[in-house]
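> After the structure tokens below, expect a handful of questions from me.
The values are calculated or read from the model by the stated rules, or taken from the named source; none is laboratory data. Since the model is a prediction, treat every value here as computed from it, not as a measurement. Positions of Cβ are backbone-derived with ideal geometry, glycine not excepted, and every protein chain shown enters the neighbour counts. With ligands, DNA and RNA removed, areas are computed over all heavy atoms of the protein, side chains included. Shrake-Rupley method; radii C 1.70, N 1.55, O 1.52, S 1.80 Å.
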Amino acid sequence: MVKIIVDGKELEVPDHYTLLQACEDAGAEVPRFCFHERLSIAGNCRMCLVQVKGGPPKPAASCAMGVKDLRPGPNGEPPEVFTNTPMVKKAREGVMEFLLINHPLDCPICDQGGECDLQDQAMAFGMDASRYAENKRAVEDKYIGPLVKTIMTRCIHCTRCVRFTTEIAGISELGLLGRGEDAEITTYLEKAMTSELQGNVIDLCPVGALTSRPYEFQARPWELNKTETIDVMDAVGSNIRVDTRGREVMRIMPRINEAVNEEWISDKTRFIWDGLRSQRLDQPYIRKNGKLTAASWSEAFDAIATVAKKTSAGEIGAITGDLASVEEIYALKLLMGALGSTNMDCREEGSALDPSLGRSSYLFNSTIEGIEDADALMIIGANPRFEASVLNARIRKRWRTGEMQVAVIGEQTDLTYDYHYVGAGPDSIEQFINHAPTKAEKPMFIIGAGAFTHKDGAGVLASLAKAAKSLGVIKDGWNGFNILHTAASRVGGLDLGFVPGEGAKNTSEMLSNTDLLFLLGADELDMMKRTRGFTVYIGSHGDVGAHHCDVILPAAAYTEKSGTWVNTEGRVQRGSRAAFAPGDAREDWAIIRALSDVLGKKLPFDSLAQLRSKLFEEYPHFAAIDEIAAGDETGVENMAKGKVGKLGKTAFVSPVTDFYMTNPIARSSAVMAECSALANGQKLEAAE
């Protein structure tokens, strides 16, 4: 720790702090444009000038000077820094004047207006007139893809975007060309950026040079209602803010949560909002003479009741989809219990995960934050860049320290960091175990859906669980055995035990061999296997499930309901309703409750509060919001007792082949369709 005096206030700060951080710890407000806590220091903008007592007779850039660089006073007094002297104020006003020489001052038509750092700081340090009469510099706008719009005349060359793409996203596609008046931020070849995190440069840009292309001229920030909620595009559970105007979602922004997503979100999370308006189910439908026709709620319920009365309990099944919240899965479980059926499955992908073994057998046990403690990482059957982009950025963050080695069994692809490639399939696991380095203090396995949905999935998990103990992946105070899920609903469903009972049918068997099947937003299924029986689809979008069903019950999307989701590490998080569902669509739990009444199996709750009360009584850990009820090691030990058998050579394949098309909302989004076409090299036919 280092002692320092800031504006007469003495304090102790860590010796790695910059002057800017020390000043902020002392409560002083220091303006800045180029400095960002999660990026390397550039020292470009010079807005953070402060005065150092005993230093040079000129202001110093506080972001680029460390507290260790300051000299003590002549008698050993702590070094002294001033942030509010006339000299500092005049210096900052001078910097602001220089920044505004070439800035176009087009705030009335700028999408950043009202949220602009330059606007805010010009209020404090700007002048009411310019002393420069020369023509302003103009720069051509650059094309960097369908997500980020550029107005480069506004750019102040803080290089935040360049540092983000290079350091965090792991792509070197943005850079600064030229010098002086000719300096420009560009992608060199003016091609679309290829990162799944590129939308974060919009938040990082302190001016209006980089803005959201889909959101262009849509709304002003003061028109929007802001709701804090949870993302469901993957199993990371990124914390987000949904901005709405009336009934429409206008944009989605990240919230800071150091333990989950820091302050980043993926492009799918950020730009999915136009899919919330398209292909929506807003009234019930019944299939008559091979065609879906509009119906009332009572007609739809009566059609289901007619079939249910003729169907035995063993011929009724239920499958939940990737976006379902805990509340509706629990309601469906109660309904299935009331109907006397144990044919239910939340494992839409048909995985080998078994909740009866224990909670640690299906969680990301080290937690997402724990990645920063690992010194060796083995990725098995996962592509975290596509399956969990924000988590992949955390892996890259740790890898950049040089203190973690990475190895991969599975697909050989660009993960944005270097790794040792061991092999493609289960046969490589044994080879790795026999030759694994033993010097790692905190080794970690990340096991993806490519492994646990493999035809040898149970054997693969058993062999990895055995290896975890022998290689020190599990030891006192450390559990590095991590399951990486791809669906937001999966851990919640497994926690609820929404899996087939003894002798009951799993997902594949229910599809081909049940008389009455309930699909709760389940759209990632091969519905061509469904050749007989009556299918009921409860969901928000007209996707695969809706196209192949006999009755559609329109439900709310994730932004239109209050719900609980459990992320891949087992963290319970609560999402809030930001808008209302369109037309006659209702919240899923309410649909199930109303249906139970018609079926003569009335469920014991009439409101969401009553449902949650019963849920918390049966599963208390769901009441602990933003906490992880950690599973003990017994889950992995039980998994290790499983039969391994002879593992085959069939390669592990990630289920996420197209990052932009993983769920019904994404497939309804025109923006995601354009990104998908670009990523797959297809010819775009987008109308300008």
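> Answer yes if at least one residue in region 336-357 is in contact with a Leu (Cβ under 6 Å, 6 or more places away or on another chain), outside any helix (DSSP H, G or I), at pLDDT below 95 and within 30 Å of K602 (Cα to Cα), and no otherwise.
no
> For region 399-416, enumerate the residues that are β-branched (V, I, T) and over 26 Å from D427 (Cα atoms). Let's see the steps before the verdict.
Just the residues of region 399-416 that are β-branched (V, I, T), to begin with: 401, 406, 408-409, 413, 416.
Residue satisfying the conditions is T401 alone.
> Let me spell it out: the conditions are (1) closer than 30 Å to T165 by Cα; (2) open to solvent by 60 Å² or more (accessible area, probe 1.4 Å); (3) touching a residue at least 60 places away in the same chain (Cβ under 8 Å); (4) not in a loop (DSSP other than H, G, I, E, B), and R92 meets all of them except one. Which number is the exception?
(2)
> Now for a separate question. Just a yes or no: is a residue in region 280-300 crowded, with 23+ Cβ neighbours inside 10 Å, charged (D, E, K, R) and in contact with a Gly (Cβ under 7 Å, 6 or more places away or on another chain)?
For region 280-300, residues crowded, with 23+ Cβ neighbours inside 10 Å, charged (D, E, K, R) and in contact with a Gly (Cβ under 7 Å, 6 or more places away or on another chain): absent.
> Please determine whether any residue of region 355-363 is among the hydrophobic types (A, V, I, L, M, F, W, C), out of contact with any Gly (no Cβ under 7 Å at 6 or more places or on another chain) and in contact (Cβ under 8 Å) with a residue 12 or more places away in the chain. Steps first, please.
Within region 355-363, the first condition is being among the hydrophobic types (A, V, I, L, M, F, W, C), and the residues that meet it are 357, 363.
With the extra rule that they be out of contact with any Gly (no Cβ under 7 Å at 6 or more places or on another chain), the set shrinks to none.
No.
> Within region 360-389, restricting attention to residues that are of a type in the set (V, I, T) and in contact with a helix residue (DSSP H, G or I) (Cβ under 8 Å, 6 or more places away or on another chain), which residue is nearest to V260 (Cα to Cα)?
Of all residues in region 360-389, those of a type in the set (V, I, T) come to 367-368, 371, 379-380.
From what's left, in contact with a helix residue (DSSP H, G or I) (Cβ under 8 Å, 6 or more places away or on another chain): 368, 371, 380.
Details: I368: 6, I371: 11, I380: 22 Å.
Per the stated criteria, the residue is I368.
> State the number of residues belonging to region 123-143 that are out of contact with any Cys (no Cβ under 9 Å at 6 or more places or on another chain) and open to solvent by less than 70 Å² (accessible area, probe 1.4 Å). Talk me through it step by step, then tell me what you get.
Just the residues of region 123-143 that are out of contact with any Cys (no Cβ under 9 Å at 6 or more places or on another chain), to begin with: 123-138, 140-143.
Pick out the ones that are also open to solvent by less than 70 Å² (accessible area, probe 1.4 Å) and you get 124-126, 129, 137, 142.
Summing the residues that are out of contact with any Cys (no Cβ under 9 Å at 6 or more places or on another chain) and open to solvent by less than 70 Å² (accessible area, probe 1.4 Å) in region 123-143 gives 6.
> Looking at region 388-407, which of its residues are part of a loop (DSSP other than H, G, I, E, B), surrounded by fewer than 22 Cβ atoms within 10 Å (Cβ to Cβ) and at pLDDT 90 or above?
Passing the criteria: R400, T401.
> Those residues that are open to solvent by less than 20 Å² (accessible area, probe 1.4 Å) and within 27 Å of the chain's Cα centre (by Cα), I need them from region 167-185; list them, please. Before the answer, list the steps.
First, pick out the residues of region 167-185 that are open to solvent by less than 20 Å² (accessible area, probe 1.4 Å): 169, 171, 174-175, 183, 185.
Once the filter is applied, which keeps residues that are open to solvent by less than 20 Å² (accessible area, probe 1.4 Å) and within 27 Å of the chain's Cα centre (by Cα), region 167-185 yields A169, I171, L174, G175.
> Go through region 477-535 and report how many residues are surrounded by 19 or more Cβ atoms within 10 Å (Cβ to Cβ), farther than 11 Å from D345 by Cα and small (G, A, S).
The total comes to 7.
The rows are residues; the columns are (1) surrounded by fewer than 17 Cβ atoms within 10 Å (Cβ to Cβ); (2) out of contact with any helix residue (DSSP H, G or I) (no Cβ under 6 Å at 6 or more places or on another chain); (3) at pLDDT below 90.
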residue: G642; (1), (2), (3): no, no, yes
residue: G645; (1), (2), (3): yes, no, yes
residue: T650; (1), (2), (3): yes, yes, yes
residue: D658; (1), (2), (3): yes, no, no
residue: S669; (1), (2), (3): no, no, no
residue: S676; (1), (2), (3): no, yes, no
residue: K683; (1), (2), (3): yes, yes, yes
residue: A686; (1), (2), (3): yes, no, yes
